[in-house]
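Novice: My questions all concern the structure below.
The values are calculated or read from the model by the stated rules, or taken from the named source; none is laboratory data. The model shown is predicted, which means the values in this text are computed figures rather than measured ones. Don't worry about glycine lacking a Cβ; one is built from the backbone with ideal geometry, like all the others, and counts go over all protein chains shown.
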Amino acid sequence: MTFTQLNRRESPLWQIIETLQRQGSATIKELEDVLRVTTTAVRQHLNTLQAEGYLERRIVHARVGRPHHAYFLTPKVQELFACQCDDLALTLLQELFVLEGSERAHLLLDRVSTRLAHKYASSVRAQALQGRVHELAHTLNDNGVLADALPQENGTILLRTYNCPFHELASEHREICDMDTAMMRKVLGSEVNLSACMMDGHAGCTFVVTHANNAGNGIALNSVVA
């Protein structure tokens, strides 16, 4: 089963995966409410995903009430989000560090972050920072990265992502996380800091977005990466 076969906008299988990716776990009743189908239908979909190795059922001991069963994603689910060129990219990056050294490798990753910023910048047009973060989250979702923009009472905005298309690559080279953060800074024209990372065992990555002095409104779209 592949990401394409799941058809992320229409498939109930994908809706289950997305719900679990965002929430961390879910019961059958919760999934009934999401899918608006019967218990039998939910069980059939869960059985399919379990057979493929994408989720597992565990007993949850809640503080109140009796223990109950809930469903969790397995590490295999990262295959559905991974860039298909991940193995090649990992090998190339490893060779770059060996042949060119850390300084040249970081220079390359900075250039990659700029190119990625150009890719997303055309979809981020709002003047207000909160609007820009929401637009970036929407664009990331359209490109296969589950993301939410969550405004906070203190004026900061959390951009939370629940999967990584470069999961294997980032697990070997955390510089990929720095590259992703730099891309967001360039798109948003604001300060962005990674406060929680799935590579450290968190359910997702949390980027804290704050206003930056003289940051403007993101990268100049007509600038060229030489």
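Novice: G53 passes all but one of (1) under 21 Å from the mean Cα position of the chain (by Cα); (2) under 25 Å from D148 (Cα atoms); (3) not in a helix (DSSP H, G or I); which number fails?
Specialist: All conditions are met except number (2).
Novice: Next question, about the same structure. List the number of the failed condition for A170; all other conditions in (1) of a type in the set (G, A, S); (2) modelled with pLDDT under 90; (3) surrounded by fewer than 17 Cβ atoms within 10 Å (Cβ to Cβ) hold.
Specialist: (3)
Novice: Another question about this same structure. Taking the options T181, T156, T139, name whichever one is under 27 Å from Q15 (Cα atoms) and hydroxyl-bearing (S, T, Y).
Specialist: The conditions single out T139.
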